1. So which aspartates and glutamates can LYS146 reach, going by Cα to Cα under 14 Å and dropping same-chain residues fewer than 8 places off?
2. Give the order of THR135, THR74 when sorted by the count of other beta carbons within 10 angstrom, beginning with the fewest.
3. Would you mind ranking SER207, SER193, SER27 so that the residue whose beta carbon has the fewest other beta carbons within 10 Å leads the list?
4. With mean projected area of the Cα convex hull in nm² in mind, check (1) 14.5; (2) 15.6; (3) 18.0 and report the label derived from this structure.
5. For each of ILE202, ILE131, count neighbouring Cβ atoms within 10 Å of the residue's Cβ, then give the residues from fewest to most.
6. Can you give the extra length, in nm with one decimal, that the chain gains between ASN113 and ASN98 once fully stretched, where that is 0.36 nm per residue apart less the Cα-Cα distance?
7. Could you work out the longest stretch of the chain that avoids the trypsin sites (Lys or Arg not before Pro) located in DSSP loops with at most 12 other Cβ atoms within 10 Å?
8. On a full-extension model of 0.36 nm per residue, what is the gain between ASN18 and GLN75, subtracting their alpha-carbon distance, rounded to one decimal in nm?
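Only the coordinates and a few stated rules stand behind these numbers; no lab work does. Bear in mind the structure is a predicted one, so any value in this text is a computation, not a measurement. Here the Cβ positions follow ideal geometry from the backbone for every residue, glycine too, while neighbour counts run over all protein chains shown.
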Amino acid sequence: MDKILQRSKGKIDIELSNNNFKKFFQSGCCKLLNPNNYIEHKELVLINTAGGITCNDNIEINATINNSQLSVCTQAAEKIYAGIGDPANVEININLNNSTLYWLPKELILFDNSKLRRNININLSNNSNLIFCETTIFGRKAMSEKIKNISFSDQWKIFTNSSIKHFEAINIKGSTIDNLKNNYTFDNQSSLSTILIFGDIIHQLESELNKVTKNLENHYCEMTKFDDKIVIRCLADDNYDLKKTLNLIMKNVINDKLPKSWDL
């Protein structure tokens, strides 16, 4: 008889209004910390007590933010381990109303033979702002990790007043060799980070971001502004190099808004 393998489930459901929590729900492997700080906005740290994610795990995060400022970080890098079964499922749904969100999780580390399906949906309304930074590591070179086979689907949808403003997806299934070596995709780089900025805040940050990104050396990092949004892509051969680049960008632009756990 086949054994039923133990799997992790977790859920977070929060509502923040006028910088006060009206709902603060956590269950399963998903936990929340709200550390004390001395700045204007709230800060949350997401914790996965399972220590990582593997096949058939299920994580759901829902957040409604009204008239507030919130920064979100994770306690540590999220590791996606090899497993048996269907891809792990991560669903993130966030609604902003007259609010600013700094979405700054630490890196997502994919291991060989891992399987993950993730969807991130964020809706901005009524003068809301979003600073969004996601990092994906396809094997840590310092650990001599090589990715030969994975199943990875990562889709992001950003809406403004319920109208689609930005959509992008990574879909890799099977061998990653061609994707990682291709000059038009990763060009043998293993670490990828994307910064997305939406809302009126782009007019405050554009000039400083241009200065910082143009002065970066020895890294693939480009910035573009179009359709009332800023997109920054960073590629690096090693996770450590990418962290240095992200630190330089973030600390020069929104240093006073970075959560305590951001230091990489």
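1. Counting by Cα, and skipping residues close in sequence, LYS146 has these aspartates and glutamates nearby: ASP112, ASP178, ASP237, ASP238.
2. If I rank by nearby Cβ atoms, fewest first, I get THR74, THR135.
3. SER207, SER27, SER193
4. For mean projected area of the Cα convex hull in nm², the calculated option is (1).
5. The order, fewest Cβ neighbours first, is ILE202, ILE131.
6. 1.2 nm
7. 4-147
8. Here the answer is 18.0 nm.
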